[in-house]
1. Can you find, among PHE125, VAL71, ALA49, the residue farthest towards the positive end of the dipole of the chain? Put +1 on the C-beta of Lys and Arg, -1 on that of Asp and Glu.
2. Only Cα pairs under 8 Å and at least 6 apart count here; give the relative contact order of the chain as a rounded whole percent.
3. In what sequence do TRP143, TRP35 fall when counting other Cβ within 10 Å, fewest first?
4. For the cross-link pairs LYS79/LYS144; LYS52/LYS100; LYS78/LYS146, which exceed 28 Å when the distance is taken from alpha carbon to alpha carbon?
5. Could you please rank ASP45, ASP60, ASP112, placing first whichever residue has the fewest other Cβ atoms within 10 Å of its Cβ?
6. Note the full-extension length gain between TYR147 and LEU70 as 0.36 nm times their separation in residues minus their Cα-Cα distance, in nm to one decimal.
7. For the chain, set up a Gaussian network in which alpha carbons nearer than 10 Å are linked by springs, and say which option among PHE50, PHE103, PHE77 fluctuates the most.
8. So which residue, out of THR19, THR135, THR92, gets the largest mean-square fluctuation from a GNM of the chain using Cα contacts under 10 Å as springs?
Amino acid sequence: MQAFIKEDKILVEQLICRTEVPVRFSEVDALGIIWHGHYVKFFEDGREAFGKQYGLGYLDVYKHKFATPLVNLNVDFKKTVRYGDSVIIETTFINSAAAKIIFLYKIFRVSDGELVTTGESTQVFINLEHELFITNPPFFEEWKRKYSLM
């Protein structure tokens, strides 16, 4: 866990997951570089790995009768990645008092450690009737307590 400052707010206590993913042929364009839309899929790979590591996967949420749709997604492209490369997706949970899940992403090229992409996503809680929750569901508060985030 770490603390850092983003936009004049101190964001304390974050959990980080790193996962390696190979660049598949189906993910590159005619120039042999990853097509920009596939970076969103890499962020999804990062969220899934995070969920497995920390017990906050989609099925974990769903068993409590909730879903967490994306409401915001930002991607900043810095360098290219080619077919045959592998990337490390670093997914960082940003603790917030609000009823949302915020992740920051950093994608590094394995061959040279270069930072190639950064991003951020925000998800909210809805129940299975698609009603938005403006307070944290009890299971999420319990999860945050488990990791000393409250």
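1. ALA49
2. So the answer I get is 24 percent.
3. Lowest count first: TRP35, TRP143.
4. LYS79/LYS144; LYS78/LYS146
5. Going from sparsest to densest Cβ surroundings: ASP112, ASP60, ASP45.
6. Residue separation times 0.36 nm, minus the Cα-Cα distance, leaves 25.4 nm.
7. Looking only at PHE50, PHE103, PHE77, the biggest GNM fluctuation is shown by PHE77.
8. Its mean-square fluctuation being the largest, the pick is THR135.
Every number in this text was worked out from the coordinates using simple rules, so none of it is lab data. These numbers were taken from a predicted model, which means no experiment stands behind them. Here Cβ is always computed from backbone atoms with ideal geometry, including for glycine, and neighbour counts include all displayed protein chains.
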